[in-house]
Every structure is written in C-alpha cells, then in structure tokens.
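Here's the structure we're looking at; comments come further down.
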Amino acid sequence: MSQPIDLDTLRRSARLAGFDWSDADLEAIRPMVAASLRLLAGLESLPLTDVEPATQYRML
Amino acid sequence: MTDLTFASVSDLVRMIKTKEVSPVEVVRAHLERITALDGSLKTFITLTEDAALAAAREAEAAVAAGRPLGALHGVPLGLKDLYDTAGVRTTGGSKILAERVPSVDATVVRRLREAGMIVLGKLNMVEFAYGPEGLNAHYGHARNPWDARVHRMTGGSSSGSGASVAAGLVPVALGSDTGGSIRIPCSLCGLAGIKPTYGRVSRAGVLPLSWSMDHVGPMTRSVADSALVLGAMAGYDAADPTSSVLPVPDYLAALTGDVRGLRVGLLRSFFLESAAPEVRAAVEAAARTLEKAGAVVDEVALPSIRQVAAGALAVVATEALTYHATWLRTRRADYDPEVSTRLMLGAFVTGVHYVRGQQARALIRQEVDHALARHDVLLAPATPIPAPGVDERQTTLGDGPSDVRSALIRLTRPFNFSGHPACSVPCGFTAGGLPIGMQFVGRPFDEATVLCAGDAYQRTTDWHTRRPVLA
C-alpha cells in the first residue's frame, strides 16, 4: 500500500528529477500525485516475478 | 454530380484517373468547404491553400499528359499538426513550437505525397497529443460536427483530424494514437480509423508523446478508404528504429466482404460492462450482425486488464516527461496548465514503477496474444460513451462514475500498451444523434484481417454513410 505523500517528499522527489518547483506548485499537484501512486501500487498485485519487462519493445 | 467533399477515396481516385473530375476541382471543393465551415469547427491550425492548389494543378497536368499516376493521385489530405512538413510549421498544437518549421517531411507524409496525395493543411490537436478530450487552449477547441446545438468534444488527441473528415473538409486525415488518439475521435465523430501494429508504420518525423506507445495511422469515413491509405503509408523505414521489416500485404485485396467462419472474441468484462447502455446495445447488435454474416462470436476476457491504466501511466508519464523535461524547466508557463500538470506527474514515477509497467506490458501482451490464439479478431466498444460536452468532466459508466478523460481512454489504451492493431468502426447512433464506435483488434501485423472484418461489417450497415447536418 502506498503511504500519503507529504510536501517534503514531493519537493525532494522533484529535485532528484531535476525540477525546482515551488511549494505552491507541488501542493497543487499533491492530490494527483497521490492518486497516481495509488494506481501504480496496483501493479504489485500482478504476477510479475518471472515476467521479463518489455524494455526491448520491438515486435519483429 | 457526385458531392466531391463526401466522395470516397476510391471514387475520387477513379474519377480523377478517368478525367471525370480534375484534382483542381477536388481540391477547390474541399477548400471552399473549409472556408465555409472551419471558422466554427476549428479543425485547421495552418491551411496551405496556395501550395495545395499548386500541387493540384501539377496533378492535373500529370493526368492530362498521361503520365503514370500514384495510387492516391489528386486526393486531398489533412495532417495532424505533429507530422513534420517541409517548409510548413509543425506546432504540435503548442505555443512552444508555434514557429517551428521543419526542413523535411515525415516519412509517411513523403510516402503519401509520392502516392499523389495533396496536403491541404495541418490539423488541430491536443497540445503535444497529451489528452483524449480533443481540447486545445492555444488554437481553440475543435467542434464535433454531429451536434450543431451543443459544443461537444471531438475526442482526441487527433481532434482536428476527426472533425475535419466527419465534416467533409478532407476525405483523409492522419492521426496518431498513444492511448487511443485515432480511435477515440473516430468513435466520437463517426469515422473509421486504424492504429496499426507497433512497427508497421514509420513514426520518423512525427513529434513523440511516448516513443514506445505512439502509433500513426489514417482516419477516413470508411474502412476501405483506411485500407487504401494504410497501404501507401506502411512498410520498413530505416529512419524509425522500431520499424518492422515485414512486407506489407495488399490491404484492399484482403477486403473480401466474407467473414464466414471468422472467430470473433467479444470483450465483455471491463469493455462492454463499462459501456453506457446505448453503446453496449450497439456493439452487441454489431456482434449479431457479424454472426448473421457467418462469423462465430463468443466471449473472451483479458484477466489483467484492470492494471493497464497503471502500467500505461508508468510508461507514458516517464517517456513524456523525458521528452519535455527541458521545456518544462524553461517554458512551463507556455503549456496549457492541464498538460503541464500531466507532464509534472512523471517526475514522481520511479524507475521501479517504469520497469513494473514494462513487465505488466509483457503480461498484457501475452494475454491478448492468448485471446487471439483462439480468435481471429477481438471486438469491443472503442469508447464507452458518446461525445461529451466540452465542459463535462464527470460521467457514469456501466461500472460506476468516472472522470471523462479516464473514460474516453479506457478501452483503447490496452492495445497501445500491447501493440496490437486495432480499427475503429462506426456501429450506431444514440437517440440524440451522436455516433457510437466499436473496435476490432487483431494479431500483430494482421491488419488485413482487422480491416476485412470492419469492411465486411460496413458492407451490411449504413452508419458510415450518414452525414452531420452543418450550416
């Protein structure tokens, strides 16, 4: 399960990714980031342990 | 005389070759209709009227001189404004690229010009193709031609492509499809359009949204027209590292009209179940129509389908942010705030999320392949709802409430994730007169069977022959 995400975590994550967004900007998107992380957490429910990722995405 | 602006592509080709009409007459007829209607429809960002008329005169001279003609000689074409066009600005529907003028054509634009098509201009779209509603804050929201009373969404991101073909402004438009951006506007505007297999059509010279999810393809009023245009677009291109070397079959020859014995897997769980009642009824009726024509229809499910949204988010958000990172740092104020917000979310998707998304992608692809081992095509609604109003943000699906954006993309995105070919086909109208669309999904590189199924359906129905009433 994903935990609630706080402003400090958002700030650090954004900076790690190279973005210096203001606290107001980050606060505005915080609910959407939280919703996205909840959605992404659902991937852990899939039986993916032995599935090789489609990183070389070429069908032929 | 035939109404040139609603003639089929194959009829236009025939009439031009037999000198029944000239390319200049065809182009002028479409330009006049654009002049009359596009002020309210807002389908074009850039109209290349002079270049189109010059090309039409050259095409006319070629016919008069008896020179060899391309398969699409003299047929007008509209391009979603993310296809590079030599000497003509390619904005991506953005302010950031408003003055960007490429020096060479995208590969598919070059191929279609070589086949004789005449580009009329560059079509409206969602900014950088990042959204399914069809809205654009910079160039105006394209208007769905099917409702003169209410400003309804065209669907997107290929919004101008959908509205322009439906309104008879062009007979063919190119779209691009990262989560449904060809099939969604086709569904909402009553058109046929195909998202080919990933690798089937070159993406070289097309602005990316998400490199591994992007597909390009044609949008037309009939499946047969899509087949004709796809044949001229498809094939290996060294400029696209994901381009397939497989030969391109004759798609028109595949349109036999015969679906006897065709095994159709109807996707009920998640797909039909989530559709609005009128959409569900129309797709079920289409399945019965196919059965009457000799197809064998049964139901099939994709077990992990509910996790496509998460997997696709991980992939698209990461790839889109990577492409936009520099502009997002330096020109964020120049984006539509809704688009910049979507891009910002990518900063919080981790490397583990991305690889999990790619694992989920491999799993979904296996599941679609498995379903197609027992069926020749899968059948599902293209969108679970008809065209919403431009201000609608919430809707109700068969399995609960949803925001409009998620609803529109819900049933098309799985096949961008898996890479399988999928063709949107009109299959009815709501009581209020709005088009309903369904999609056929096929095996990798088997566009021929997908197109055959759609064309066979259109030979027994007339949904695709109806026209919106426009002033």
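The values are calculated or read from the model by the stated rules, or taken from the named source; none is laboratory data. Remember, predicted model here, so these are calculated numbers, not experimental data. Cβ placement follows ideal geometry from the backbone for every residue including glycine, while neighbour counts extend to all protein chains displayed.
Here are a few things to note about the model shown:
- Within segment B:276-335, if we keep just the residues that are hydroxyl-bearing (Ser, Thr, Tyr) and within 23 Å of B:Gly442 (Cα to Cα), the residue that is farthest from the other protein chains (Cβ to nearest Cβ) turns out to be B:Thr289.
- Checking B:Ala29, B:Ala59 one by one, the residue that is more than 27 Å from B:Asn136 (Cα to Cα), part of a helix (DSSP H, G or I) and either touching a Gly at 6+ places or on another chain (Cβ under 7 Å) or among the acidic types (Asp, Glu) (or both) is B:Ala59 and no other.
- Only one of the numbered conditions (1) within 12 Å of the chain's Cα centre (by Cα); (2) modelled with pLDDT under 95 is violated by B:Arg149, and that is (1).
- Of the helices (runs of 4 or more DSSP H) lying entirely inside segment B:361-471, those carrying at least 2 residues that are polar (S, T, N, Q), within 14 Å of another protein chain (Cβ to nearest Cβ) and closer than 22 Å to B:Met233 by Cα are B:413-418.
- The residue of segment A:1-48 that is nearest to B:Gln307 (Cα to Cα), among those that are outside any helix (DSSP H, G or I) and aliphatic (A, V, I, L, M), is A:Leu46.
- B:Thr2 passes every criterion in (1) modelled with pLDDT under 95; (2) in a helix (DSSP H, G or I); (3) of a type outside the set (A, V, I, L, M, F, W, C) apart from (2).
- Looking only at residues in segment A:8-22 that are touching a residue at least 12 places away in the same chain (Cβ under 8 Å) and more than 20 Å from B:Trp327 (Cβ to Cβ), the one that is farthest from the other protein chains (Cβ to nearest Cβ) is A:Arg11.
- Of all the criteria given as (1) without any contact (Cβ under 8 Å) to a residue 60 or more places away in the chain; (2) surrounded by fewer than 17 Cβ atoms within 10 Å (Cβ to Cβ); (3) not basic (Lys, Arg), the one not satisfied by B:Ser418 is (2).
- Residue pairs meeting the criteria (Cβ under 8 Å; at least 6 apart or on separate chains; first facing chain B (nearest Cβ under 7 Å), in segment A:28-43; second in a helix (DSSP H, G or I) and charged (D, E, K, R)): A:Leu40/B:Arg356; A:Gly42/B:Arg306; A:Leu43/B:Arg356
- Answer from B:Val223, B:Val216, B:Val201, B:Val206 - the residue that is over 30 Å from B:Leu343 (Cα atoms), crowded, with 19+ Cβ neighbours inside 10 Å, of a type in the set (A, V, I, L, M, F, W, C) and touching a residue at least 12 places away in the same chain (Cβ under 8 Å): B:Val223
- Hey, A:Ile5 under 20 Å from B:Thr330 (Cβ atoms) and either facing chain B (nearest Cβ under 7 Å) or at pLDDT below 95 (or both) or not: no
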